[in-house]
Every structure is written in C-alpha cells, then in structure tokens.
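Report on the structure given below.
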Amino acid sequence: MIPELGHFALILALVVALVQGSVPFVGAARGHRGWMELARTGALAQLILVGFAFFALMYAYVTSDFTVVNVVANSHSAKPLLYKIAGVWGNHEGSMVLWVLILSVFGAAVALFGGNLPPTLRARVLAVQAWIATGFLAFTLFTSNPFLRVFPPPSDGRSLNPLLQDPGLAFHPPMLYMGYVGFSMAFSFAIAALIEGRVDAAWARWVRPWTLAAWCFLTGGIALGAWWAYYELGWGGWWFWDPVENVSFMPWLMGTALLHSAIVVEKRDALKAWTILLAILTFSLSLIGTFVVRSGLLSSVHAFANDPERGLFILLLLCITIGGSLLLFAWRAPALKSGGLFAPVSREGGLMLNNLLLTVACATVFLGTLYPLFLEAFNGAKVSVGPPFYNKTFVPVMAPLIAAMATGPFLTWKRADLSGVIGRLKVALAAPPAAVILALYRQGGPVLSVIAVGLAAWLFVGALSEWAVRVKLFRAPIAESVRRARSLPRAAHGMTLAHAGLAIAIAGMTAAASWKAEEVRIMHPGESVDLAGYTYRFEGVNSVLGPNYTSDMATFTVTRGRRFVARLTPEKRLYTVQNMPTTEAAIHTTGLADLYTVIGDADGSGGWTVRIFHEPMVPWIWAGALIMILGGAVSLTDRRLRIGAPVRQRKSPAGAAVRA
Amino acid sequence: MTRKRRRLYMVLAGMLLLGGAVALVLAALEENLNYFYSPADLNTAPPGRPIRLGGLVEEGSVQRKDDGLTVTFRITDLAESVPVTYKGILPDLFREGQSVITEGTLGPDGTFVAREVLAKHDENYMPPEVVDALKKSGQWRGGGAAAQ
C-alpha cells in the first residue's frame, strides 16, 4: 500500500509542479498577487508530496519489502540498516527521487525564507524551479519508476553492490546532489532575473548564500568521492580524471567562478550579464553530469547505468533546458544595464581574471571528457583520454590562478595600487623560496612539482597575510587584533579559510602525485620490506567471517627504525550473496603521509601478493577540503547575507517616540 | 578608459587565454589519446604506442608465472584472441569469462604488455567498447549483460 501511495504522491507532485510553473508566471506578468502567492503554496506542497514519496521508498527498503522491484534489485535482508537506508539512493531510480526531493527542499526554503524578496522575483524563481521539477518528475515517473511491483515476490533481494556498503559512499550522493541541485537555485534566480529584465545588488545578495551552500556541499561530495576511491579501490590513487569524476568537477569550477563574480554584482553592480551566464552554465554542467553518468554513453571506471532510453529522455531535457536558457539569455541580456567601470588592476579585474581562468580550466576538462564522444560520433574510433592530458592542460591554466589568488584579496575596488599590494605581501614572498628549498632538499625534483609546492606556499602565506593586515596582527596590541578580528565580517574569515584550505589541498595533491612510492611483491609470513623509511613486516593471513562476507585478513607490523608505528590489517573480502570480491586497504596516517597496504591473492605456495604505498601528504588533501568547506560555512553565517533586500528605514513619529 | 574599450580588452584577454588553452589541449591530445582495439583489429594498431585492448578473458588462459607477480592470460572477442602479460595485483572483478579492458603497448612478439587492467565495478556491466567488439565479431549474445 505504501509504495502505491508513494507513487501517487509523485504523480501529484508532477501536477503541482505543472501548476506552479505556469500560474505564477502569468501572475507575475499581470501583477496578480494571489497567483504569485500560489508559487509558495505549490513549493511547500511539492516538498510534502515528494518527501512522502521518498520516505515511502525508504520504508520499503527498511522493511525489506521485496514486492517492490527496486528493493529486490538493490537490497537484501541481511544488509545492515545503514546500508538499507543508503540503498534508497544507491541506485538509479532512488537517486532520482532524492534529486527531486532536494530540489523541492530548496524550493520550499525560498518559499519559507524568501519573505523579503520582491514578490514578482520570488514567484518567477519558484516557477522556474517548478519547471525543473516537472522535467525530472516526468523522467522519474516515465522511465525510472522506483515503485514498480513484482508478484510473486522473490524470497530475498539481490543485495547492494558491496563496493557501495561503505559509510563514505553512503553520503557521497546526497552531498553531491545538494551541490548540483543547489546550483539550480542560482539558475532559477538567473532565469527569473532575465525575464524580469533586472539584476541588482539585492539579487546578487540573494543568490550568494544558495550558491555558497551548494558549493560547500559539492566540495564535500567530491572530496568524499575521492576519499572513498582512495581507501576502497586499493589503487592508492584518489583522482583518475574519469568522466564521472570530471562531470562533478566541472560544475564545481564554474560554481566557484559564479561565487566570485556574484561579489562584483553585489558590490559594484557590474559583470551582471556574465554572472547570469555563469549561473546558467553551472547548472547546465550539473545536468550534463547527470546525463553522462546515467546514459552509459561514456565508458568509465564507475559508470552508473547503461540504458539508452533514459539517456534519450535526459538528452531531450538537456536540450530544452540549456538551449532554452541560452536563448533567453541571448534575447534578454542586452536589457540588463551595465554597471561601474573599473581599471584592469583592481578587485573587479582580479575577480574577472579568476573567472576567466576558471572558465578556461573548465573548458579543458570539458574537452578532455567529451572529446572521445565526439570522435566516436564522427569516425567511429574509440579513444580514451587519460591523466597525462589533464596534467598538460588543466594544471598550466590553474597555476597562474593560484599565483594571482594571493594578491586578489589585497586589491581594492575600482583601482588598486599593485606595488602597494606587493609591499604588503613581503612576508608571503619569502614563503615560496623556503618551500622550494625544502622540497628540493627532501625530494630533489621534479621541477614542476617543486614549483607547484612553492605556489601553494605562496597562496597559503598570502591568504594569512591579508587576514593579518586586516586585524593589524603584530602591529597593534593583541587585544586590538582580537577586537578587530571579532568585528570583521564573517565572509572575510571565510575567504581566508577557503583560500588557505585550497593551498593546503594543492600542496597535498602535488606531493601525492609526484612523490608516491610503491612496492609490489610476493611475501611470505615473517618477511619484511622497507619503503620510504618504514619497515613493513608481514605476519601472516587469517580467515575471518563477517556479517555478509568472508575475508582473508593479513597483518602487517610497521616500524620506523626501532619505534613501533602501527599494526595494519588489509583484507580481501568475498561477499557471499553476490559472490563478489573486494579489497579493503589498511591505511595508517601519520598526518604528513599515509602508509597504505593492500593484500592480493595467494600464490598457492604460502606466499601472498602484497602492495604497499607510501603516500606523502595525502591527509593534507582531505584536511584542505575540510578547511575549504569550513570557510564556506563560516561565510554563510555572515549576517549581511541574511538580509535579502536593503530595507529602507522609515522614520515615523511613533517609531521615534518608542526609540527615545 | 571607456566602457567599450574595457570590454574589448576583456574579450581580447579571454580569447588569448582560450587560444593558449586550445593550443595546450591540441598538443596534449596528440600524445595522450588512447585508442581502443579489439583482438580482431589489434593488427592495425601502431606498435609501441599506448593503446587499450578489451574483450573477454578467455576461459582457462590465466596463468601465473614463477615470480608470482606476473600473470599471463588471453583476451578474446570470441573470434580472435591475444596473449597478454601483466605484472601486479589484478583487480577484484577480474575473472575468466568476464569482460576486461587493458591499457598498455603491443610488444614486438605480438604479446600485449598491459600496464593497467580495468575490470568494472559490477559483474553485470559490460563496457560499451567490449559490447561493440563482440558485435563486430558476430558473437554478441543478446542484451542481458548490457542492461542495468
């Protein structure tokens, strides 16, 4: 019964979306207040309906209702509860319901907290949200219905892919979707602004928190995915420039650009058309990401689905959304009045450079990801583009961006004094040589990696320098600095944190990619191997029984010189229901490096294939990502962002009397 | 400067950057495109260049060498088969009869020396390239394995 109710709720939600997408538009054009308010009711109704459908599906999973096809395909009665719940979104159909749920959450948030938006703008934004919801609800209901039944029900499910029975990966899709769908808010605002014909500071101040929240979640989702690949897949790598990874990275790049250009719109009323275009492109890339992952079009390490019919539907959705919005942009953007002038060396100029470089970087990733597709369409050749391509194209574009990032926060609006900026960065200028010398001493090369580490150091100290200058650190008494720090807008702290976090992450990425050490060999119990100063002693392998798997668990004792460091227990598991093996790496982190061990197959005569990695500075990647997210979160708490539109203070006699 | 001139400079800067990126991309693409070959058309592959070879792992062909780490097996599209050697730990889903894609170079003696062996994350999933290779060799046996 419950799945049927869930199904019905989804159908109702589609109807509501259709109404919410049409009536408020007419109302906004005619100034009809009641019809505009319908948008708010519609958004809330959608949330309730889609929420109900989502929880109906979750109920089916938690009670292991095997009359529902989706549950049969993706669950099993022996699965732990957390993964039964995660199984709701660990498959195509369920993840679409999650997508629409998050879409309706954001829509409802605008309905509830958008009180001080101009009513016409709010109505139009919610209407555009409803259009997106219509498209995806239709897709779900017509091609990916999670509530299909099967009679008679099988005795048990076919279980979730053991690779996905993992806490990191359980939260990876929700976080990613919060990011992707969060950018739909920026998109809706952009389309609404285009239709309205007006982009102003209030609009930018409204778009920023949503974009910032979406960006935080997307950063978290990407980092979680990379971290999961790192510890689960057993290859010691965390990023493979795989199409599925790239399609999550591209919206991140454009979203970062959007965040920064929205600042210019808010502060200087300039770059309006460009910001609108960025909002459209960011969400379009999120949609393209959905298409690529679900259509089976590109061969990838972790492709989601292999179904052309669904792919065609999404392609249609993409064409209508992206084509329509770009058309609207071409038609209406000239109506947006351009804003203030600025000199090339200025904060606006710096932010424009940021945008340019990020966009070009995104374009290189886009090319590398989709080129195989185009080539196959044209001459049937099947190709793949691997990491060397991205190292040669993406990295050289990002390098100048990192270099400029340290100076950016120092630049003033309209016109900046570059020599003065460099003067304030004196301390930061000492950082790259120090880092380069350290890297050369410890590692000796390669040249590009050493330079990259120098750049990361430059950015890190530069970001901190800016903060130090603002609170007059070391130039005024501590109490004064603390007072200044307290009264700084939160967004300033957020910026420092985010930029510093990026620097840490880049240092980690460079070191991990350049100075990784690996040992692959057959080992017998009692043997030892040395790697990067650590000694790994192979103690042996035991058979262990888990809840739904059997495992060969190896034990390694790791020492450094005489000092005991860790005992590592990598496993090779066999999940019984699916007869699927997985590798569970054992990782010990020293904060500066990861000691990574993997056990392979037995060779039949007492030896085991063993793989040991020494991964320098990998923990810094995760730490850097966390600090970036923290920076974004801190920025979100900035009081200025809570005020939607500037409220004119009306001085009334009664008010004055009360105040006095 | 006037608005128009500023806009002109911005556009020029953007195009310069884009042009530079395109140059980088084209240069990088030349060397880094890995073409995919099935066993049937492997003889058209350029020797010495990194390529991808995919198909099914031939039943009964997996053998471990004496040093324990090197593995030899044959990849087949059910019409022709190619010997492959690989040194390292094989991925979890590598199994005889399952589809696999390898990256490496074709050796002078006709053996494919694999640097990487990629087996997919799900036993029901078959990479589209392998599906096409099987179709070409006339041995494709229906859509069960390809659908999710």
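No lab work stands behind these numbers, since they all come straight from the coordinates. Just so you know, these numbers come straight off a predicted model, no measurement behind them. Every residue, glycine as well, gets a Cβ built from its backbone with ideal geometry; the counts of neighbours run over all protein chains shown.
Within 10 Å of each Cβ of A:514-521, how many other protein chain Cβ atoms are there on average?
Per residue, the number of nearby Cβ atoms from other chains is 1 on average.
Using θ = phi - 60° and the Karplus form 6.51 cos²θ - 1.76 cosθ + 1.60, what ³J(HN,Hα) does each residue of region B:39-53 get, whole Hz, x for Gly and Pro?
Here the 3J(HN,Hα) series is x, 5, 10, 5, 5, 8, 7, x, x, x, 8, x, 9, 10, 10 Hz.
Of all the C-alpha pairs in region A:1-111, what % are more than 21 Å from each other?
Cα-Cα pairs in region A:1-111 separated by more than 21 Å: 42 percent.
Please give the average number of partner chain Cβ atoms lying within 10 Å of the Cβ of each residue in B:20-28, rounded to a whole number.
Taking the mean over all residues of the peptide, I get 6.
Go ahead and run the numbers for FRET between A:Thr576 and A:Ala109, Cβ-Cβ distance against an R0 of 60 Å, rounding to 0.05.
In this case the efficiency is close to 0.85.
What ranking of A:Ile621, A:Ile276 emerges when the number of other C-beta atoms within 10 Å of each C-beta is taken as an exposure proxy, fewest first? Each step should come with its number before you reach the end.
Working: A:Ile621 25, A:Ile276 29.
Least to most surrounded, the residues fall as A:Ile621, A:Ile276.
Would you please give the FRET efficiency between B:Met15 and A:Leu312, computed as 1/(1 + (r/R0)^6) with r the Cβ-Cβ distance and R0 = 35 Å, to the nearest 0.05?
The formula returns an efficiency of 0.50 here.
Kirkwood hydrodynamic radius of region A:471-627 from all distinct Cα pairs, in Å?
Working: mean 1/r = 0.0539 Å⁻¹.
Final number for the Kirkwood radius of region A:471-627 is 18.5 Å.
Could you give the length gained by full extension between A:Asp530 and A:Ile478, i.e. 0.36 nm per residue of separation minus their alpha carbon distance, to one decimal place? Can you show the working numbers first?
Working: separation 52, 0.36 × 52 = 18.72 nm, distance 4.85 nm.
13.9 nm is the gain from fully extending A:Asp530 to A:Ile478.
Among the listed pairs A:Lys392/A:Lys472; A:Lys572/B:Lys65; A:Lys272/A:Lys382; A:Lys84/A:Lys572; A:Lys516/B:Lys65, give every one whose C-alpha distance is greater than 31 Å.
With Cα atoms farther than 31 Å apart: A:Lys392/A:Lys472; A:Lys272/A:Lys382.
What is the distance in Å between the Cα centres of region A:501-571 and region B:1-50?
Between the Cα centre of region A:501-571 and that of region B:1-50, the gap is 39 Å.
Kirkwood Rh over Cα pairs of the protein assembly as shown into Stokes-Einstein at 25 °C, 0.890 mPa s: D in µm²/s?
It comes out at roughly 85 µm²/s.
What residues from region B:59-76 fall in the zone where the backbone N is under 14 Å from a label point 7 Å along the Cα-to-C-beta line of B:Glu96?
B:59-64, B:72-76
Based on the Cβ-Cβ distance from B:Leu26 to A:Asn145, what FRET efficiency comes out when R0 is 51 Å, to the nearest 0.05?
Efficiency at R0 = 51 Å is approximately 0.70.
Give me the extension gain from B:Asn43 to B:Lys4: residue separation times 0.36 nm, minus the current Cα-Cα distance, reported in nm with one decimal. Working shown, then result.
Values: separation 39, 0.36 × 39 = 14.04 nm, distance 5.84 nm.
Extra length available between B:Asn43 and B:Lys4 comes to 8.2 nm.
Which of A:Asp638, A:Asp530 has the fewest other C-beta atoms within 10 Å, and how do the rest follow up to the most? Don't jump to the answer; show the numbers that get you there.
Values: A:Asp638 17, A:Asp530 10.
In increasing order of surrounding Cβ atoms, one gets A:Asp530, A:Asp638.
Residue separation times 0.36 nm, minus the C-alpha to C-alpha distance between A:Leu327 and A:Ile437: what's the value?
Details: separation 110, 0.36 × 110 = 39.60 nm, distance 5.28 nm.
Computed gain between A:Leu327 and A:Ile437 is 34.3 nm.
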